[in-house]
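Q: Okay, handing you the structure first.
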């Protein structure tokens, strides 16, 4: 199972190295990593996506908590959270297909950030599923390049679990 961890660390050199080293020593791959300043000066937030069972992640979380520069660890996997990624996607766009591509770009609420004779560069922000969906839709046109950020995530202050709401709404539409 994939887990999204939010880790607050003191903004000191070597902190990221110690954290990634902890995962490497235990044979865990960090699938996605995003690091940036947090709300408090001198503190950074790391958002990591890692794969593992609940028991193993619990052990890793405890070991992360023991590291000197780590101020706190939250597993956002099972609690209501907002998750976003940014993707830049360069797609082949000959003149005859450009309007068709631009219509699809609007459906995904993506932005065109560069235009060339034979290509468009798109910027899209959203949950990871939205990015994968846009990539699949653009595949037939010819994807030239992709760059994605790591996932960033925060616990929902409202406590509303939108994933649960989506499941509940779809169940209400099913015939009895």
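Q: Any residue in the stretch 5-22 that is over 30 Å from residue 123 (Cβ atoms), in contact with a helix residue (DSSP H, G or I) (Cβ under 7 Å, 6 or more places away or on another chain) and surrounded by 15 or more Cβ atoms within 10 Å (Cβ to Cβ)?
A: yes
Q: Oh, and also: Looking at the stretch 34-58, which of its residues are assigned to a helix (DSSP H, G or I) and touching a residue at least 40 places away in the same chain (Cβ under 8 Å)?
A: 54, 57, listed by residue number.
Q: Would you confirm whether any residue within the stretch 57-67 is more than 17 Å from residue 151 (Cα to Cα), surrounded by 18 or more Cβ atoms within 10 Å (Cβ to Cβ) and modelled with pLDDT of 95 or more?
A: no
Q: Identify, from the list 117, 127, the residue that is without any contact (Cβ under 8 Å) to a residue 60 or more places away in the chain, at negative phi and surrounded by fewer than 11 Cβ atoms within 10 Å (Cβ to Cβ).
A: 117
Q: Which members of the stretch 117-151 meet the condition of being within 17 Å of residue 82 (Cα to Cα) and in a strand (DSSP E or B)?
A: Selection gives 124, 125, 126.
The values are calculated or read from the model by the stated rules, or taken from the named source; none is laboratory data. What you see is a predicted model, and the numbers here were worked out from it, not measured in a lab. Virtual Cβ from ideal backbone geometry, glycine too; neighbours counted across all protein chains shown.
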